[in-house]
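The block underneath contains the structure these notes are about, expressed in structure tokens.
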Amino acid sequence: ATLEERTEDIRAVMDAVGSEQGVILGISEGGSMACLFAASYPERTRSLILWGVQARWVHADDHPWGMSRAETERMIRELAENGPTEEYLFGGRTADPEFHDFFKRYAQGAASPSAYAQLERMNAEIDVRAILPSIHVPTLVMTRTNDPVAQPDACRALAAAIPNATYVEFPGTSHGIFALDDPVLAEIEEFVTGARPRPSTDRVLSTILFTDIVGSTERAAAVGDKAWRDLLVGHKEAVRGELRRFRGQELDTAGDGFFASFDGPARAIACAKAIIASTEPNGLAVRAGLHTGECEREADKLTGIAVHIGARVAALAQPNEVLVSRTVKDLVAGSGIEFNDRGEHELKGVPGRWRLYSVHALSDKLA
């Protein structure tokens, strides 16, 4: 399952049990989906607790923590053979024979070694740094000083990137949360039950989609007003059908262009590809641009710099191309979506240079 699908699982479980709002606990690699859920659904997140979580798990030039690619591949091979071990999660075999038996049953029942390896390979591609500033719920980040998996400096960096997050470090060598002792439980209890302000829900993480027909003026002149009007009506019906299919929300339309939002980037990409496919039989070429970022929510409208970035990305797309920001690409790691690097670009009115990617192919389940 992709990061987006696992995040949707949280919402599905809450819906199934009738929970409108909950405390979300993300452990280790589960912290990525917990962060994405809290940023996307602040109104359903009372608070967020992260244990032993890094924003990304593989070393990068701008992220000096985590394993190298070679170390990651070696770990994946070991997982494929043996699954997770006590040594890996707790820094050594535990002395408690009852816990040893429990962990063995737990590890064997959770997934097969090959499934562990597949999940770990996908987790190695995830990077949620871009969404951390969009988390606006009370957040507690915890780890142990000698955690064998999550490096404390990386955990501190994650906490520093989340507005007003609290970071607490405990002594010990365990990565797993099974070995909870009284100080950890006391910290969680105080955080959960103490008086905390309700999260502001006027800011939300969204995936923004802009589309428009390329060469619409020339096409309208060539076919005449009535024929163009009929084409445009059919195009809008098709776009709205795809938005319903992929759970997108239409926010605005002007002329032949659409502005929509999604709570999942993979579905937004699939929707954009479907919109393009629906217009090609009519001889129309559509371009689409996507960006995921924090937006201001005002009634049924979204505003903010993320919206401007989405519009600028769309303006750079070629006919029948879906162009996305690096943030979108990072969030759909493991989805099977293939991208082509389109290099760095300046986006008018937006600081810095932005690396953009063209969607090359969807996975079978998204196509």
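The values are calculated or read from the model by the stated rules, or taken from the named source; none is laboratory data. Keep in mind it's a predicted model, so treat the numbers as computed, not measured. Reconstructed Cβ throughout: ideal geometry from the backbone, glycine too, with neighbour counts over all protein chains shown.
Name the single residue, out of those in segment 23-82 being among the hydroxyl-bearing types (Ser, Thr, Tyr) and under 24 Å from residue 166 (Cβ atoms), that is farthest from the chain's Cα centre (by Cα). Taking the candidates together, the pick is 47. Listed by position, the strands (runs of 3 or more DSSP E) enclosed by segment 168-280 that each have at least 1 residues that are surrounded by 21 or more Cβ atoms within 10 Å (Cβ to Cβ) and touching a strand residue (DSSP E or B) at 6+ places or on another chain (Cβ under 6 Å) are 203-213, 257-262.
Does residue 186 satisfy the condition of being among the hydrophobic types (A, V, I, L, M, F, W, C), farther than 29 Å from residue 325 by Cα, without any contact (Cβ under 8 Å) to a residue 24 or more places away in the chain and assigned by TED's automatic domain parsing to the domain that holds residue 26? Considered against the rule, which asks whether it is among the hydrophobic types (A, V, I, L, M, F, W, C), farther than 29 Å from residue 325 by Cα, without any contact (Cβ under 8 Å) to a residue 24 or more places away in the chain and assigned by TED's automatic domain parsing to the domain that holds residue 26, residue 186 comes out as yes. What about residue 341, is it assigned to a strand (DSSP E or B), of a type in the set (D, E, K, R) and closer than 21 Å to residue 124 by Cβ? Considered against the rule, which asks whether it is assigned to a strand (DSSP E or B), of a type in the set (D, E, K, R) and closer than 21 Å to residue 124 by Cβ, residue 341 comes out as yes. The residue that is farthest from residue 206 (Cα to Cα), counting only those in segment 132-167 that are hydrophobic (A, V, I, L, M, F, W, C) and either surrounded by fewer than 16 Cβ atoms within 10 Å (Cβ to Cβ) or in contact with a Leu (Cβ under 6 Å, 6 or more places away or on another chain) (or both), is 141.
Before we move on, is residue 312 part of a strand (DSSP E or B) and either crowded, with 20+ Cβ neighbours inside 10 Å or not polar (S, T, N, Q) (or both)? No, not satisfied.
The condition (being within 27 Å of residue 315 (Cβ to Cβ), at pLDDT 90 or above and either over 24 Å from the mean Cα position of the chain (by Cα) or assigned by TED's automatic domain parsing to the domain that holds residue 137 (or both)) is satisfied by just one residue among 243, 232: 232.
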